[in-house]
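S.K.: My questions all concern the structure below.
The values are calculated or read from the model by the stated rules, or taken from the named source; none is laboratory data. All figures in this text were calculated on a predicted structure; none of them were measured in a lab. FYI the Cβ positions are ideal-geometry reconstructions off the backbone, even for glycines, and counts take in every protein chain you see.
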Amino acid sequence: MIRTSASHSARWRSTVPVETSSAAGAGDRSSKEVDDVEAALREVERSVALLIDGETVRQTAMHEAAHVVTAWVLGGAVERVTIVPSPSSLGLTTLSGRLPPTEMAVFALIGSLVAGESPRDDEIALEHVGVDGVAEARARARRIAEDHGTAIETVAGRLASSRTMEKAELEALRLELFTLRAAGD
């Protein structure tokens with residue numbers, strides 16, 4: 001999985017040992033207990049999200065939505081996107097698999113073009129294509145933003161209200177947006 005930034009809650013969730021104490025299942029993870037921990041984490045995420053002002057939510061949703069739509073345009077799949085803040089970022093887009101370096105640079109730069117600068121996204125682009133490739137990647141990102149602005153706004157609107165979207169919901173939205181676009185062409 002590729003993540004555009006670190007996710008504190010995802011790291012914590014993956015390291016929480018939840019075990020049952022029954023003799024037959026000692027050491028086994030209890031799905032009920034895991035579900036309870038995940039539900040508690042979601043509640044904490046919702047509580048934290050309420051502390052962020054509306055403009056920050058809108059900007060972060062646009063930034064992450066631009067990453068999502070760009071991944072789709074470039075043929076990538078998105079595992080999860082969230083605008084629930086962590087200690088290191090206001091949002092996070094997690095890809096399923098990898099994009100080639102030139103595509104990863106475009107993926108990284110789009111958020112800055114749509115919703116304000118992100119030094120980390122610029123660093124990611126430089127890591128993948130170097131100084132010489134950034135201008136071309138930025139031009140491609142600009143074209144995607146222009147060609148798919150309505151899709152970015154739609155994803156941002158849904159993300160701003162739900163705060164987190166998982167793979168199944170994202171895939172349904174991708175099909176809806178890109179099927180409608182193809183029918184309109």
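S.K.: Which of the residues belonging to the range 149-166 are touching a strand residue (DSSP E or B) at 6+ places or on another chain (Cβ under 9 Å), over 14 Å from His63 (Cα atoms) and not hydrophobic (A, V, I, L, M, F, W, C)? Before the answer, list the steps.
M.R.: The initial filter retains those residues of the range 149-166 that are touching a strand residue (DSSP E or B) at 6+ places or on another chain (Cβ under 9 Å), namely 155, 158-159, 163-166.
Remaining after also requiring over 14 Å from His63 (Cα atoms): 165-166.
If the condition is that a residue be touching a strand residue (DSSP E or B) at 6+ places or on another chain (Cβ under 9 Å), over 14 Å from His63 (Cα atoms) and not hydrophobic (A, V, I, L, M, F, W, C), then Glu166 is the only one that fits.
S.K.: State all residues of the range 76-110 that are in a helix (DSSP H, G or I) and surrounded by fewer than 20 Cβ atoms within 10 Å (Cβ to Cβ); if no residue qualifies, say none. Show your work before the answer.
M.R.: Our first condition is that a residue be in a helix (DSSP H, G or I); within the range 76-110, this holds for 101-110.
Selection gives Pro101, Thr102.
S.K.: Evaluate the range 127-145: report whether one residue or more is surrounded by 13 or more Cβ atoms within 10 Å (Cβ to Cβ) and either within 21 Å of Gly54 (Cβ to Cβ) or assigned by TED's automatic domain parsing to the domain that holds Arg42 (or both).
M.R.: No, every residue in the range 127-145 fails to be surrounded by 13 or more Cβ atoms within 10 Å (Cβ to Cβ) and either within 21 Å of Gly54 (Cβ to Cβ) or assigned by TED's automatic domain parsing to the domain that holds Arg42 (or both).
S.K.: Another one. Given the conditions (1) modelled with pLDDT of 95 or more; (2) not assigned by TED's automatic domain parsing to the domain that holds Ala172, and given that His67 satisfies all but one, which numbered condition is not satisfied?
M.R.: Condition not satisfied by His67: (2).
S.K.: Report every pair of residues separated by at least 6 positions or lying on different chains whose Cβ atoms are under 9 Å apart, first residue within the range 114-133 and at positive phi, second not aromatic (Phe, Trp, Tyr).
M.R.: From the range 114-133, the pairs are Gly116/Gln59; Gly116/Met62; Gly116/His63.
S.K.: Continuing with the same structure: Going by the conditions given, is Pro87 farther than 17 Å from Glu166 by Cα, in contact with a His (Cβ under 6 Å, 6 or more places away or on another chain) and at pLDDT 95 or above?
M.R.: Working: farther than 17 Å from Glu166 by Cα: yes; in contact with a His (Cβ under 6 Å, 6 or more places away or on another chain): yes; at pLDDT 95 or above: no.
Taking the combined requirement at face value, the residue does not satisfy it.
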